[in-house]
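**Q** Dropping a structure here in structure tokens format, bear with me for questions.
The values are calculated or read from the model by the stated rules, or taken from the named source; none is laboratory data. Being a predicted model, the structure only gives us computed values, none of them experimental. We place every Cβ from the backbone using ideal geometry, glycine too, and count neighbours over all the protein chains shown. Protein only, heavy atoms only, side chains kept; ligands, DNA and RNA dropped before computing areas. Shrake-Rupley method; radii C 1.70, N 1.55, O 1.52, S 1.80 Å.
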Amino acid sequence: MEVNQLTPVAQTITDRRTIRQFKSTPVPQELLLSLLNTANWAPNHGLREPWRYIQFSGDSRHLFTEAVLDALSADDRRRYEESRRAEYAIIPLHLIVVMKEDPRPKQWIEDFGAVCSWIQSFQLAAWEQGLGVVWKTNAYQFSPNFREMAGVQPGERIVGLLHIGYPEVIPQPRPRTAAEDKLTIFN
């Protein structure tokens, strides 16, 4: 194989885009479960599988919206409430990905890396099935009110909030820095 030729996996990695505009078409639960199970093959130390996910779809999307709005300051709520309600009502599925927090620093960083790998695996598998994802890490995820309203348990950390659905708009690729510009070599 030529070095410049992309494999199917490499092609999926380079083709995937972060989607911020979604169609309102629901994501079939069977498809979501298939993607979750595929992502469960993400590498993780000692097979600890430190992830858990909380799904908001259908009518429960308003619970997610209320949890987000409740976590905002009064000023931010006035500023963003209308746009968040409109945006979150269109997105068919919100998935909160949490990890069990291990008090041991080595295991914590291993688990965080594993959950991030899980999220990327999920995004790639979703892209292959025609679904788009945006991975959010907003300040409200640290709010005790948001955590409680969203079902996050004590001892869990939110690693990402995934908005999932069929893309309304697929953005053009943006340039990436060449690996050679970031590579340090010791020979």
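Matching residues to (1) part of a loop (DSSP other than H, G, I, E, B); (2) of a type outside the set (A, V, I, L, M):
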{"residue": "VAL97", "(1), (2)": "no, no"}
{"residue": "CYS116", "(1), (2)": "no, yes"}
{"residue": "ILE119", "(1), (2)": "no, no"}
{"residue": "GLN141", "(1), (2)": "no, yes"}
{"residue": "ASN145", "(1), (2)": "no, yes"}
{"residue": "GLN153", "(1), (2)": "yes, yes"}
{"residue": "VAL169", "(1), (2)": "yes, no"}
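**Q** Among the residues in segment 167-185, are any surrounded by 18 or more Cβ atoms within 10 Å (Cβ to Cβ) and among the hydroxyl-bearing types (Ser, Thr, Tyr)?
**A** Checking segment 167-185: not a single residue is surrounded by 18 or more Cβ atoms within 10 Å (Cβ to Cβ) and among the hydroxyl-bearing types (Ser, Thr, Tyr).
**Q** Within the set of pairs 6+ apart or on separate chains, which have a first residue in segment 64-82 that is in a helix (DSSP H, G or I), a second that is surrounded by 14 or more Cβ atoms within 10 Å (Cβ to Cβ) and among the charged types (D, E, K, R), and C-beta atoms under 8 Å apart?
**A** These pairs meet every condition: THR65/ARG84; THR65/ARG85; VAL68/ARG84; LEU69/ARG77; LEU69/GLU81; LEU69/ARG84; LEU69/ARG85.
**Q** I'd like the residue in segment 1-19 that is touching a residue at least 12 places away in the same chain (Cβ under 8 Å) and of a type in the set (D, E, K, R) and, out of all such residues, is farthest from TYR166 (Cα to Cα).
**A** The selected residue is ASP15.
**Q** Oh, and also: Would you check which residues across segment 20-39 are assigned to a helix (DSSP H, G or I) and either without any contact (Cβ under 8 Å) to a residue 40 or more places away in the chain or more than 15 Å from the chain's Cα centre (by Cα) (or both) and list them?
**A** Result: GLN29, GLU30, LEU31, LEU33, SER34, ASN37.
**Q** If you check LEU95, LEU124, which single one turns out to be touching a strand residue (DSSP E or B) at 6+ places or on another chain (Cβ under 7 Å) and at pLDDT 95 or above?
**A** Working: LEU124 fails: touching a strand residue (DSSP E or B) at 6+ places or on another chain (Cβ under 7 Å).
Step by step, each of LEU95, LEU124 is checked, and only LEU95 is touching a strand residue (DSSP E or B) at 6+ places or on another chain (Cβ under 7 Å) and at pLDDT 95 or above.
**Q** Please indicate, with yes or no, whether at least one residue in segment 9-27 is within 20 Å of VAL152 (Cβ to Cβ) and open to solvent by less than 50 Å² (accessible area, probe 1.4 Å).
**A** No - not one qualifying residue is present in segment 9-27.
**Q** Is there a residue being crowded, with 21+ Cβ neighbours inside 10 Å, of a type outside the set (Ser, Thr, Tyr), in contact with an Asp or Glu (Cβ under 7 Å, 6 or more places away or on another chain) and in contact (Cβ under 8 Å) with a residue 40 or more places away in the chain anywhere in segment 108-123?
**A** yes
**Q** Here are the criteria: (1) over 26 Å from ARG77 (Cα atoms); (2) open to solvent by 100 Å² or more (accessible area, probe 1.4 Å). Tell me which single one GLU148 does not satisfy.
**A** (1)
**Q** Related question: Check whether at least one residue in segment 29-51 is within 15 Å of TRP135 (Cβ to Cβ) and open to solvent by 20 Å² or more (accessible area, probe 1.4 Å), and report yes or no.
**A** So far as segment 29-51 goes, yes, one or more of its residues are within 15 Å of TRP135 (Cβ to Cβ) and open to solvent by 20 Å² or more (accessible area, probe 1.4 Å).
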